[in-house]
Structures are given as structure tokens and as C-alpha cells.
């Protein structure tokens, strides 16, 4: 009996499968552990793109040039916190990971990152960093992460429009009351009450839903008791102020105003085009001005965001955030990872990185050259906030993602005037937040983990 | 010989069986198990009994997402079924460039969902200079009616998603077209001789004859609607005020954003149970309502 040459036999099928598997094993994806020159390869995952990625690439290149034992393989990607969770859970994490400070409570509580206590050997401790930056990465006396680029949020304003309406561009409003008056002068309405130019809009860009109570002295969470304080009086005052804008100009008119011209999809379009006279933004804004409008074209100023008159004499209030570097649990070469992180924390490297991002330095002091040559002429304002005891960030809780989403839904209700005051929606968020915190506590008890306020 | 055939058959379907085992059976079994645990993904799961399932009864957000998913499911299936049957009926008529029209109806469904969502997000821009939807409304009403702010309220955001769901009726239209071609001409002729008009023939001849196809499409529609995810995630992010926050989005958020894989697994099991129950109910109803020729 002969076999039809067109028939695929079992043996040939098995052979094909085996050849495929062998080929995959031999030539498929492989994580390099050693280079040909014998240097240990560190995989470093980061989340930046464009000029921000390039700034870190410069630091990585410097490190690689300075080394004969370690080589950093720098990869940038989106959705890094979620990818990192899967990679760590699968036991195949990168060696160094770039996250945000808001990720730190969850990752540290779950034991997914290794403490960076070894940085002390490189002369790094809490005093190395600006006053408000240290608490972002230290907990219970231990360093859990290293800040890479911090940011503080401030009020940016268009100086030309200030001059046009008779406001002093060198004396921006310091109090909410003065700011409200300025907003009225800066705003232009047409005959039908449509907004042609807005003095300020808290939803443009609307990236920091958690910040509004803080300017009025409020906190979302009390670390000493572990309780949510969303519906406290200062928070209600802050979010009532937030709601005053749709009340002042009308929700429909604001919705129309915020419709975008198609030729400029930038999130900064209203401020850059002069339709918005002031905006709440981070230190990176001037970098985008230069990129989108041309270097030095836009005449801007910046100051700490105004606060109620009763708080005006205090050091500046302002939200802060930080990009951070961590070593995931299961990283293959933690000592080498630590060496790389320590290298990034050297003043000359951190300043290169932060200047490339147009952000302030996380260090306690900055060099003269850093401030002088910084792409943001108002970087001193951001550094001042980073040194302030009144700077604030997202609560140190593992459930912040869920808490923040609940707050965002409450904010929608407040903005859409579903309630005459912010008190109602904030009360609902408070209930949701307490349930989230309760679940967190139960989880900690189940795992015999300490409550975070014990180490705060 | 028979044994040899079995071996050969198993060998050929072996890769598929392995894939089914490792990428379906194992994950589904793990999800069933994790549903009874406290599992953050980053720590070992701890058994918690039925706690995740008990939590569902007091979870107001779950109520919201189930309601949203049900509203979207019912309306998108009803609107989609009417639209696709109507389109199929039109396309089944002899016409010039018939192939072109059929391809035109099917073509949108081959585009990636993410690209469609981004395009529609622009089309729904409230500024009439930008948003095509509001331009069309203003054009048809000679500028008397201003289009809505599509993503500014729950009602309009849901409406926007429902209208967008019609973009991908192509595959259903193709199946209905095949069903319509299967309706025997003799039945049409017999009904005509009895004096039944085109509308009467459609309702009393065509619809019963294509009822098995409708049943199939409705079941597929239920499964798709229960799993709606990418488009609302991109277009609305679930807002405003969670009005377009759907069950699959909630499962994803619980698993990967909130780090509660245990609860997410339980929610996934709930989703599976709901789809299974709805499919069973539809099949049972189909026994009464669906006409199977030759059965």
C-alpha cells in the first residue's frame, strides 16, 4: 500500500508540530539576561513618550556609558501599572519599573515592590528630597520608591489678557475672592450670554478631580483615623466653588464653549488660543506652548492656586504628584536595579530628567543652572509648592483608584447641577469611600497586615 | 482502522483542544475558584466563601451597571434587529449596483472597534463646526434645532452609543439576507393569490419563515450587548455620572484598576450566568414563537 504524496501522515504532522515548538523555543521571544560583553541586562519599564521618554533615555545612556557591569534596556509603554501587576503576578517582572506615586500604597501593601533601604548607602534619605516629596515615597521610615519627576499644580495665566482688562500681570490673584473678581473681568459673554472667553474653568482640563477641597484646607482622608473625610466643610466649600461656574454661566453655554476646534486637538487649546484666560496646570505646560505655538511666543505667568482669604498668609496650597521608580518583587538583579536608581537620583541626572520634562526637581535643593536654564520660567513657583507643608496629594490608601472613580462620578453630579450644593453628592461619595476603606481594612485583617496609619 | 482514524482525528484537533484547555477551560475554572477568594492578583488568594457574591447584593454600582447593560442590550437588539431586517429586505430586491450596496452595508463591520469609537467621538462633538451629528441635525432642520451635547447627559450619551451600535449591523444583515433568500417563492405566490399585500406577506409569510434566523441573531445580540466594552470605554469612559458604565467595564476595573480579582471573577461568573439564563429563556420562548420548516 502506497501513501498518496498529498496526504499528510501522522508522523509528518507530529514532526511539523515539534519543529514549530523547537523553532519557537530557539528563536522566539527571549529575555536577555547577559549581553555578549558580559554585562547584566536590566529591563526598565517606563510610561513616557516623546520628549519625556527622550529625557530619561539621556539618563539611561549616561548610565550605560558609565558602566561596564550593567546595561539598562529602557522600554516605554502605555497602561504600565496594569501591565506591571500582571507581570509581577506572573513572576516575570521588569528589573526597574516607573509608576506614579498614587500606585505606591497598593503595590507596597501587596508586597509587590522591594523597599529601597539600600539607597542609604548612596547617601540618599528623606532629607535628600523636597519637604512634600519625601512623604510620597517614604513610609514608616522606609524608602519604598525613588521620585523621578515630581509635579505641583499651579495657576497659569495669559499676561496679555491680564493687561487687556487692566489686571496687573505681575500681581496675580492670591485669594479666591480676588480670583472670582478677576474671572469676571477676564470673561467675555456675547449678547445671548454665550461664553466667548472664560476667565477660568475648573473642568478645563479637569484632570485633578480630587484637588478642589484642598485649596480650601480640606482633605479627602484622615490618615490618623483611617476615615474618609470627603464631606467635610472645607471640601464642601471647595466643590461649591467648583459648582459656581455652571451656576454663573449656565451649563449648556459652558458645554458649547468647551467644544473643540478640530484643527487643534490639544488639551491646552482653549488656553493657548486665548479663549481661556487662566488655567490650572502642571509645570509641563510651557514645554507644550513651545511645541505647539513656537518658542517664547506665549506670554504666561504662574502662581500658586488662589485660596480663601483666611488661608492666604499660609505657605502655598497645591496638589502634587510624582513619577516614581520602584524595584518589583521578583526582579532578577535587585542590587543592580538599586545602583541604576541611585544613579538617577544624582543631582546632575535628576535635573537633566526634570528639565527635559519641564518639571521641578524632587531634591531638597536645586542648582542655580537648573532654575536659570529651565524651560519653565515659573519653575520656582512649582518648587515653592513642593517645599510647602500645605502641599497635598492623593490619599495613601490601596483603594484610591476606586475612591477616585467614586469622586469623579460625584464631581459629574456637582458640575451637572444635579444638586444645589456639593454637599449632597459629596455625602454619597463619602458613603462609597467608607465602604471601600472598610473592605481595605477587612483585607488587611485577613492578611495580618498593619493599618497604614500605624506607619504614617 | 477505526482506532487509527480516532488517533488521527485527535491529532489534528489536538492543537485546538490544547488551546481550548489552556485558554478557556483553565481560565474559566480559575475564575470560578477566584470568585470565592480575596485575590489582589499580587498576593496569594485567600478563600472567603461566598463573600464576593454576598457583596453584590449591596453593591449599588453593580445595580447601575446591570441596569445600563440591560437598557443598552434591549434597545440595541430591538433597534438593530429592525434595522438589519429592513436593510436585508431592501437589499434582497433587485437593484442596480446590488453588490455595491451589499458591500457598503457590510464594510463598516470590518473596521476595528477602536477606530470607529474614535471617529464617532469626533462625530458627536457638541460644536456644530466639528461634530458631524450636530451638523446633520442643523442641516435637516434648516438651523432651527441645535444638536445636543451628546456626552453631557446620561440620556444623550446612551443614545449616542445606541446609534453607534447600528454601525456594525452588517453581519446580521448578511445572515438575514441568506434567510430571506430561503423563503420559498411558492409561499409568496400563494399568499398573493389569496389577496395578501406586500406588508401582509412580510409579516405573515416572511417573518415566520426567517424566525429561526431572528432567534440566532437575537442570541448573538444578547451575548454581544452583555459584553459591550471597548466602544463606551473610549467614547464616554462610563460617564457622565456612570450613565454609560457597563458590566464588562466594571469587571475590568475591579480586576485591573482596583486590584480586586476575586470580586471581578465573581462578577464574571454572574455575567456568564445572566447570559446563560437569557439564552435559555430566549430558546424556550423560541419553541413557541419560532417556526422551523420541516420540523
Inset, instruction - Taking the options A:104, A:99, name whichever one is closer than 25 Å to residue A:209 by Cα, modelled with pLDDT of 95 or more and touching a strand residue (DSSP E or B) at 6+ places or on another chain (Cβ under 6 Å). - result: A:99
Legend entry - Identity of the residue in the range A:423-456, assigned to a loop (DSSP other than H, G, I, E, B) and within 14 Å of chain B (Cβ to nearest Cβ), that ends up modelled with the lowest pLDDT: A:449
Legend entry - Within the range A:284-330, tally of residues that are assigned to a loop (DSSP other than H, G, I, E, B) and under 24 Å from the mean Cα position of the chain (by Cα): 8
Inset, instruction - Could you please let me know if residue A:376 is out of contact with any helix residue (DSSP H, G or I) (no Cβ under 7 Å at 6 or more places or on another chain) and under 30 Å from residue A:218 (Cβ atoms)? - result: no
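Let's see how each residue does on (1) under 15 Å from residue A:211 (Cα atoms); (2) at the interface with chain B (Cβ under 9 Å from one of its Cβ atoms); (3) touching a residue at least 60 places away in the same chain (Cβ under 8 Å); (4) surrounded by fewer than 20 Cβ atoms within 10 Å (Cβ to Cβ):
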residue	(1), (2), (3), (4)
A:391	yes, no, yes, no
A:403	yes, no, yes, no
A:406	yes, yes, no, no
A:419	no, no, no, yes
Legend entry - Filtered residue count, the range B:233-251, keeping only those that are more than 14 Å from chain A (Cβ to nearest Cβ) and touching a helix residue (DSSP H, G or I) at 6+ places or on another chain (Cβ under 6 Å): 3
Legend entry - Restricting the range A:260-272 to residues that are within 13 Å of chain B (Cβ to nearest Cβ) and modelled with pLDDT of 65 or more, the residue that is surrounded by the most Cβ atoms within 10 Å (Cβ to Cβ): A:270
Legend entry - Scope the range A:144-171; condition closer than 12 Å to residue A:277 by Cα and either surrounded by 17 or more Cβ atoms within 10 Å (Cβ to Cβ) or touching a residue at least 12 places away in the same chain (Cβ under 8 Å) (or both); matching residues: A:155, A:156, A:157, A:158, A:159, A:160, A:161, A:162, A:165, A:167, A:169
Inset, instruction - Just one of (1) farther than 23 Å from residue A:241 by Cβ; (2) touching a strand residue (DSSP E or B) at 6+ places or on another chain (Cβ under 7 Å) trips up residue A:366, so point out which. - result: (2)
Legend entry - Subset of the range A:81-103 that is away from chain B (no Cβ under 12 Å) and surrounded by fewer than 23 Cβ atoms within 10 Å (Cβ to Cβ) - its residue that is nearest to residue A:139 (Cα to Cα): A:101
Inset, instruction - Within the range B:124-148, count every residue that is within 11 Å of chain A (Cβ to nearest Cβ) and either in contact with a strand residue (DSSP E or B) (Cβ under 9 Å, 6 or more places away or on another chain) or surrounded by 15 or more Cβ atoms within 10 Å (Cβ to Cβ) (or both). - result: 11
Inset, instruction - Being buried (at least 22 other Cβ atoms within 10 Å of the Cβ) and within 14 Å of another protein chain (Cβ to nearest Cβ) narrows it down to one of A:283, A:328, so name that one. - result: A:328
Legend entry - Tally, over the range B:35-60, of residues that are within 12 Å of another protein chain (Cβ to nearest Cβ), over 15 Å from residue A:439 (Cα atoms) and in contact (Cβ under 8 Å) with a residue 60 or more places away in the chain: 3
Inset, instruction - Could you tell me whether residue B:256 is under 25 Å from the mean Cα position of the chain (by Cα), crowded, with 18+ Cβ neighbours inside 10 Å, within 27 Å of residue A:440 (Cα to Cα) and away from chain A (no Cβ under 14 Å)? - result: no
Inset, instruction - Look at residue A:341 and say whether it is in the same structural domain as residue A:121 (by TED's automatic domain parsing), in contact (Cβ under 8 Å) with a residue 60 or more places away in the chain and either buried (at least 22 other Cβ atoms within 10 Å of the Cβ) or touching a helix residue (DSSP H, G or I) at 6+ places or on another chain (Cβ under 9 Å) (or both). - result: yes
Inset, instruction - Return a yes/no flag: does the range B:15-27 have any residue that is loosely packed, with under 14 Cβ neighbours inside 10 Å, closer than 15 Å to residue B:264 by Cα, more than 12 Å from chain A (Cβ to nearest Cβ) and free of Cβ contacts under 8 Å to residues at least 12 places away in the same chain. - result: yes
Inset, instruction - With respect to residue A:439, determine if the residue is outside the structural domain of residue A:291 (by TED's automatic domain parsing), surrounded by fewer than 24 Cβ atoms within 10 Å (Cβ to Cβ) and over 22 Å from the mean Cα position of the chain (by Cα). - result: no
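Okay, residues lined up against (1) surrounded by fewer than 16 Cβ atoms within 10 Å (Cβ to Cβ); (2) in contact with a strand residue (DSSP E or B) (Cβ under 9 Å, 6 or more places away or on another chain); (3) within 14 Å of another protein chain (Cβ to nearest Cβ); (4) under 14 Å from residue A:325 (Cβ atoms):
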residue: A:41; (1), (2), (3), (4): no, yes, no, no
residue: A:67; (1), (2), (3), (4): no, no, no, no
residue: A:72; (1), (2), (3), (4): no, yes, no, yes
residue: A:114; (1), (2), (3), (4): no, yes, yes, yes
residue: A:131; (1), (2), (3), (4): yes, yes, no, no
Inset, instruction - Could you tell me whether the range B:63-77 includes any residue that is farther than 30 Å from residue B:164 by Cα, more than 12 Å from chain A (Cβ to nearest Cβ) and in a helix (DSSP H, G or I)? - result: no
Legend entry - residue A:356 in contact with a helix residue (DSSP H, G or I) (Cβ under 8 Å, 6 or more places away or on another chain), assigned by TED's automatic domain parsing to the domain that holds residue A:115 and assigned to a loop (DSSP other than H, G, I, E, B): no
Inset, instruction - Would you kindly identify the helices (runs of 4 or more DSSP H) lying entirely within the range A:209-283 that contain at least 1 residues that are closer than 23 Å to residue A:431 by Cβ and without any contact (Cβ under 8 Å) to a residue 40 or more places away in the chain? - result: A:233-249
Inset, instruction - Answer yes or no as to whether residue A:231 is in contact with a helix residue (DSSP H, G or I) (Cβ under 9 Å, 6 or more places away or on another chain) and closer than 19 Å to residue A:407 by Cβ. - result: yes
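The values are calculated or read from the model by the stated rules, or taken from the named source; none is laboratory data. Note that this is a predicted model, so its numbers are computed, not measured. When we count neighbours, we look across all protein chains shown, and the Cβ atoms used for this are built from the backbone with ideal geometry, even at glycine.
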